[in-house]
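Trainee: Can you read through this structure? Questions will come right after.
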Amino acid sequence: MRYLATAWALCCLALLGCTRTVASSEIRMALAQAPLTLDPRYATDAASERVNRLIYRPLVDFDAHFRPVPALAGWKCADALHCRFSLGQDGRRFHDGSALTAEDVAATYRSLLELKDSPHTAEFANIAEVKAADADTVDFTLRAADAQFPARLIIGILPARLIAQHHDFARHPVGSGPLRLTAWSKTLKLERTADHRRIVLEEVRDPTVRVLKLLRGEADLLQGDLPPELVAYLKRQADVTVRETPGANFSYLGFNLQDPLLKDERVRRAVTLAVDRGAIIRNVLVGGSRPAAAILPPEHWAGNAGLPPYAYDPAQARALLQQAGVKLPLKLVYKTSTDAQRVRLATAMQAQMRPAGIALEIRSLDWGTFFDDVKHGKFQLYGLTWVGIKTPEIYRLAFHSDSMPPAGANRGHLQDKQLDRLIENGDWRGATARAHQLLPYVPLWYEGQFAAMRKNIAGYQPRADGNWDSLATVTKQ
């Protein structure tokens, strides 16, 4: 009802003349949250990953079926331990004017191997050596056979010279992507290298204010992070176009397995059975959302379509808690951000868990504090979404025993030798099934994607993973 009231308030404001258009040649996008870092070696939050895709270029990207395809480079593997990457011609000029060569590629991946605090370092531990054979050719030597190795090389390439100088890429990125950063204070100001079109990214945390800015012409575009009532409201506006697509980003609840209660698998299963995904998808999420049973969607080549989503069964959840000797109600603290939609989702789950004997306390924190708590294990339960996941290596990053922060994203401190072996052997279907059994996460849903834009915006299409790649081609008439 709160968001229906919000839509009604917006309608009233429109009638009062609050939708006057603000003219500007810039393309302005309103974000629910700003990126935390523009250094691709450290980025793990969604906004950072999405901006970095535009500022930097990786060696490898993916097609519509999540198979690796050349980006900066094509490749040939002489055997299971040796792969040669040959740089093409596109994207070979950094934003500072210097040429991108094989030595920059080698320096980028060597730096990842040397960093002690990068969450991505563990992903590349299998690299024994990386060296430039010449200006256009990079050779990777592996410690152990890895048929999926090329698909791992998706980190944006940095200039070797600046890496050696310990340049602050987090705030002053230098890449070779289609957009370059020109300023970052309250907003991120970017310029498209192809036509010098200026693009401004502004953090506007309140969803109603983001909608108002779009209606007034103070923003040209917004994507995601709105409740369905506001999306439906925007569809009725004459000056706005809304485009939707099915989603592939995986939303979940993360458990702290060091917690004396949550280390019991029966308790984790009870929490999982206490969430009514179907009701939330119908009533709280946008179109294109669907229940999830695993991180990778079932259509992914390494997915496991045979895993069913967990059903809503509060009676069974209560029985499991009693079997585990838990005194009811089980009191748990759930951390989330202050984003209104995330708080709304938390409130829905709080109500659903009561019949199961679970008393959920919601603590909504500003994004920086919340994400810092998650990275440092300061939680019982938290809610996040894995975005832009293309390779099954996410299981190594999120669940392998060697991927505890800061070496990875095993934030719940799961340790399971069987799962480790499945990951190391590349048995992704087995790893998916084992994670489904162990429940380090409560799998929730793949959230649908949408973008809303002014009528004078053309060429922008939301993607299943929520990325902002269309900013490289979008036009404003």
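The values are calculated or read from the model by the stated rules, or taken from the named source; none is laboratory data. Please read all numbers here as calculations on a predicted model, not as lab measurements. Neighbour counts are summed over all protein chains in view; Cβ atoms, including those assigned to glycine, are modelled from backbone coordinates with ideal geometry.
Trainee: Please verify whether the stretch 420-427 includes one or more residues that are closer than 25 Å to G254 by Cβ and buried (at least 24 other Cβ atoms within 10 Å of the Cβ).
Mentor: Scanning the stretch 420-427 turns up at least one residue that is closer than 25 Å to G254 by Cβ and buried (at least 24 other Cβ atoms within 10 Å of the Cβ).
Trainee: Here's another thing I want to ask about it. From the set of residues in the stretch 361-388 that are touching a strand residue (DSSP E or B) at 6+ places or on another chain (Cβ under 6 Å) and either at pLDDT below 95 or not assigned by TED's automatic domain parsing to the domain that holds L261 (or both), which is farthest from A409 (Cα to Cα)?
Mentor: That would be W367.
Trainee: Another question, then. Would you point out which residue out of D79, D61, D45, D96 is of a type in the set (D, E), in contact (Cβ under 8 Å) with a residue 60 or more places away in the chain and under 26 Å from A144 (Cα atoms)? Please lay out each step first, then the result.
Mentor: Details: D79 fails: in contact (Cβ under 8 Å) with a residue 60 or more places away in the chain; D45 fails: under 26 Å from A144 (Cα atoms); D96 fails: under 26 Å from A144 (Cα atoms).
Going through D79, D61, D45, D96 in turn, the sole match is D61.
Trainee: Here's another thing I want to ask about it. Would you mind stating whether T338 is at pLDDT 95 or above, surrounded by fewer than 19 Cβ atoms within 10 Å (Cβ to Cβ) and more than 18 Å from L273 (Cβ to Cβ)? Reasoning before the result, please.
Mentor: Numbers: at pLDDT 95 or above: no; surrounded by fewer than 19 Cβ atoms within 10 Å (Cβ to Cβ): yes; more than 18 Å from L273 (Cβ to Cβ): yes.
No: the conditions fail for T338.
Trainee: With respect to the numbered conditions (1) assigned to a helix (DSSP H, G or I); (2) under 17 Å from F255 (Cβ atoms); (3) of a type outside the set (K, R), which one is the sole condition not fulfilled by Q341?
Mentor: Condition not satisfied by Q341: (2).
Trainee: Restricting to the stretch 157-200, name every residue that is touching a His at 6+ places or on another chain (Cβ under 6 Å) and either part of a strand (DSSP E or B) or at pLDDT below 95 (or both).
Mentor: Matches in the stretch 157-200: R180 only.
Trainee: Could you count how many residues in the stretch 163-184 are more than 19 Å from S470 (Cα to Cα), among the hydrophobic types (A, V, I, L, M, F, W, C) and surrounded by 23 or more Cβ atoms within 10 Å (Cβ to Cβ)?
Mentor: The number of residues fulfilling the criteria is 1.
Trainee: Let me ask something else about it. Scan the stretch 348-360 and tell me whether some residue there is surrounded by 22 or more Cβ atoms within 10 Å (Cβ to Cβ), polar (S, T, N, Q) and either in contact with a strand residue (DSSP E or B) (Cβ under 7 Å, 6 or more places away or on another chain) or at pLDDT below 95 (or both). Step through it out loud before you land on a result.
Mentor: Applying the first criterion (surrounded by 22 or more Cβ atoms within 10 Å (Cβ to Cβ)) to the stretch 348-360 yields 349, 353, 356, 358, 360.
Now drop any that are not polar (S, T, N, Q), which leaves none.
No: zero hits.
Trainee: Based on what the data block shows, is L330 without any contact (Cβ under 8 Å) to a residue 60 or more places away in the chain and either in contact with a strand residue (DSSP E or B) (Cβ under 9 Å, 6 or more places away or on another chain) or aliphatic (A, V, I, L, M) (or both)?
Mentor: The answer is no for L330.
Trainee: Follow-up question, since we're still on this one. Consider A232 carefully, then state whether it is part of a helix (DSSP H, G or I), in the same structural domain as A128 (by TED's automatic domain parsing) and among the aliphatic types (A, V, I, L, M).
Mentor: no
Trainee: Another one. Within the stretch 406-442, can you find the residues that are modelled with pLDDT under 95, assigned to a loop (DSSP other than H, G, I, E, B) and under 24 Å from G377 (Cβ atoms)?
Mentor: P406, A407, G408, A409
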